[in-house]
Amino acid sequence: MRIALVGSGYVGLVTGACFADLGHEVVLVDNDEQKLAALRTGNVPIHERFLPELLARHRGQRIKFSGDLQAAVRECQAIFIAVGTPPTDRGEADLSYVESVAREISGAVDSYKVVVEKSTVPVYTSQWIRTVVIRNGAEPSSFDIASNPEFLREGTAVTDFLYPDRIVVGVESERCAEVLREIYAPLTSGAYYSRSDAIPRPDRAQVPPRLIITSTKSAELIKHASNAFLAMKISFINAVASICESVGANVHQVCDGIGADSRIGPRFLNPGIGYGGSCFPKDLMAFRAVAKECGYDFRLLDEVIRINEDQRHRFLRKVRGVLWTFRGKRLGVLGLAFKGGTDDIRESPAMLLVQELLREGCRICAYDPAAMDRAKEALNSSVEYAAGPYEAASGADALLILTEWEEFASLDLDRLRKLLKYPIVIDGRNLYDPAVMATHGLSYYSVGRPAALTEDLPAGIRTNKRERP
Ligand SMILES: NC(=O)c1ccc[n+]([C@@H]2O[C@H](COP(=O)([O-])OP(=O)(O)OC[C@H]3O[C@@H](n4cnc5c(N)ncnc54)[C@H](O)[C@@H]3O)[C@@H](O)[C@H]2O)c1
């Protein structure tokens, strides 16, 4: 099928590349000329595993790039909208990009089209898109609107797309459902998975995925509710981690115990410095705003957001508790991206912590495998950037781990100890076993677990019962 993807960002680019790999003809549309020029010359503007391979495989064949949305609409049967939906000052989703795309689509509807909302949007958006497309001149019977929320995670976006837990499609007509069924048929029939050149299957993937067909409103709510539930899981375990710290328990043992209950499950119980990124923070605020508009005061979401913010402040207090004072201290920082595997720094807890530490007068030497270019644009110029984790640690009063990159979990600990000015590691992502750190002579502080100490510190810090003496 001929498919247009409007918005060639994290979601649009990955979706377009994957649709091409499923055998579709894809036009990737964007209004950012620089991005289009880069894509046409073979550059990949985001860091995402397998994306360069897929783009190289299909560029100039099943994938083309265009700045002409209306021409793409005329050429294609399905048009996926994957533009940004950032938060407004009031926390609602800003749907002006979606609206402007809908307006433009309208003038090019010359035969039956399916317009699919892929962006994360509040309930009723598909109805608004329909209204806007009709207001701007399209025949009501010449198109349908579908909602097809995207659940990919940055860092594993390509495999998440090709090996999804489920595919959700919200429609209002059988004709429209049939188009979406056809688009996803290579996945739902299992045909893609038997191909020798398929992107490798991740460990836990169940194939073929289930296609869940719902109304458009239900599909819109599924996306917001899923993200809210996942964020709630993170805040829940972070709250439990705080209690573990107070009583000297180990949150990983607690996770193991509660995650073994099949009704709860072990996944996504990762204590740390909280969630970030371009989705959870904005989607929670948007869902809360939607609920309010519908007359429901969703206070559970307020608490999820509050715990998440508090988690960062607790971490900062922990760092202060270990270092005593901040001004002039040199800190090695591992990780700036909001999570491992991506260069995305939007709402990154690591970036927010670095900004706070800079305000407190710390000197920062940071390393991130993919996000340093983006971080340089956002942070003040006093930050030094290292070529690797050991350079970041060199001469530092302490090393902070702020993003869960795989490579940060397997550092040469003896080398690290020798490079650090003081053998102190404060880990916001719980990548190491405290006992192992102690055997390498490192004082190690993590989230929700007793510290491993190689030096004598005031009692409150030793027991973790209070953040500061
Ligand atoms: N990033 C994720 O992990 C993720 C996961 C699931 C869902 N989502 C949702 O998907 C949507 C897109 O997110 P993203 O992270 O890909 O955003 P992004 O900012 O990376 O990409 C958006 C793209 O849309 C382009 N654009 C904006 N207006 C346009 C227009 N009028 N015409 C053509 N192109 C236009 C921008 O230039 C940009 O390239 C959001 O609603 C987001 O919540 C994101």
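Within a straight-line Cα-Cα reach of under 24 Å, LYS64 can be paired with the following lysines, leaving aside sequence neighbours fewer than 8 residues apart in one chain: LYS35, LYS113, LYS118.
What shape does the range 229-335 take by its C-alpha gyration tensor, where a ≥ b ≥ c are the square roots of the eigenvalues and a/c under 1.5 counts as rounded, a/b above b/c as prolate, and the rest as oblate? The shape class here is oblate.
Entry note, the chain: the mean residue ellipticity at 222 nm calculated from DSSP H runs of n ≥ 4, each adding -39500 (n - 2.57), is -13000 deg cm²/dmol after division by the residues and rounding to the nearest 500. If R0 is taken as 51 Å, the Cβ-Cβ distance between ARG210 and HIS313 corresponds to a FRET efficiency of 0.80. Taking Cα atoms only, the orientation of helix 280-293 departs from the longest principal axis of the chain by about 60 degrees. Counted over all Cα-Cα pairs of the range 9-99, pairs farther apart than 16 Å make up 56 percent.
The TRP324 and LYS421 beta-carbon pair, evaluated with R₀ = 22 Å, returns a calculated FRET efficiency of approximately 0.95.
Normalising by the residue count of the range 26-180, find the relative contact order in percent from Cα pairs under 8 Å and 6+ residues apart.
21 percent
Overall, the range 2-214 carries a charge dipole of about 460 debye about its Cα centre when +1 sits on the Cβ of Lys and Arg and -1 on the Cβ of Asp and Glu, all other atoms neutral.
Helix 125-135 and the longest principal axis of the Cα set of the chain meet at an angle near 40°. Suppose R0 equals 56 Å. What FRET efficiency, 1/(1 + (r/R0)^6) with r the Cβ-Cβ distance, do CYS294 and ALA37 give to the nearest 0.05? The formula returns an efficiency of 0.80 here.
Packing here is the average count of other Cβ atoms within 10 Å per residue, and on that basis the peptides 172-183, 278-289, highest first, run 278-289, 172-183. Annotation: Cα Rg of the chain relative to the compact-globule expectation 2.2 N^0.38 Å equals 1.05. On the principal axes of its alpha carbon atoms, the range 62-208 extends 47, 39, 30 Å, with the longest extent given first.
Principal-axis analysis of the Cα atoms of the chain puts helix 299-323 at an angle of about 30° to the longest axis.
Label sites at ASP414 and TYR124, each approximated as a point 7 angstrom past Cα along Cα to Cβ, lie 6.5 nm apart.
Go from 0 up to the bin containing the longest alpha carbon distance in the range 312-463, width 5 Å each, and give me the % of pairs per bin. Distribution as computed: 2, 10, 21, 25, 22, 14, 5, 1, 0 percent. The residues of the range 265-411 expose on average 42 square angstrom of accessible surface per residue, using a 1.4 Å probe on protein heavy atoms.
The apolar share of the surface of the chain, taken as the fraction of accessible area on carbon and sulfur atoms (1.4 Å probe, ligands and nucleic acids excluded), comes to 49 percent. Using +1 at the C-beta of Lys and Arg and -1 at the C-beta of Asp and Glu, which of ALA72, MET285, LEU22 has the Cα lying farthest in the positive direction of the dipole of the chain? Ranked along the dipole, the leading option is MET285.
In this label model, ASP256 and ASP68 are separated by 6.2 nm, measuring between points 7 Å along each Cα→Cβ vector. In terms of the mean number of neighbouring beta-carbon atoms within 10 Å, the peptides 248-261, 382-395 order highest first as 382-395, 248-261.
Going by average Cβ neighbours within 10 Å, how do the peptides 51-58, 190-197, 78-85 rank, with the highest at the top?
78-85, 51-58, 190-197
Note on ARG263 and ASP302: the model spin-label points, each 7 Å out from Cα along the C-beta direction, lie 2.8 nm apart.
The values are calculated or read from the model by the stated rules, or taken from the named source; none is laboratory data. All of these numbers come straight from a predicted model, not from anything done at the bench. Neighbour counts run over all protein chains shown; Cβ positions are idealised from the backbone, glycine included. The protein model used for the area step is the full one, side chains on, heavy atoms only, and it has no ligands, DNA or RNA in it. Shrake-Rupley method; radii C 1.70, N 1.55, O 1.52, S 1.80 Å.
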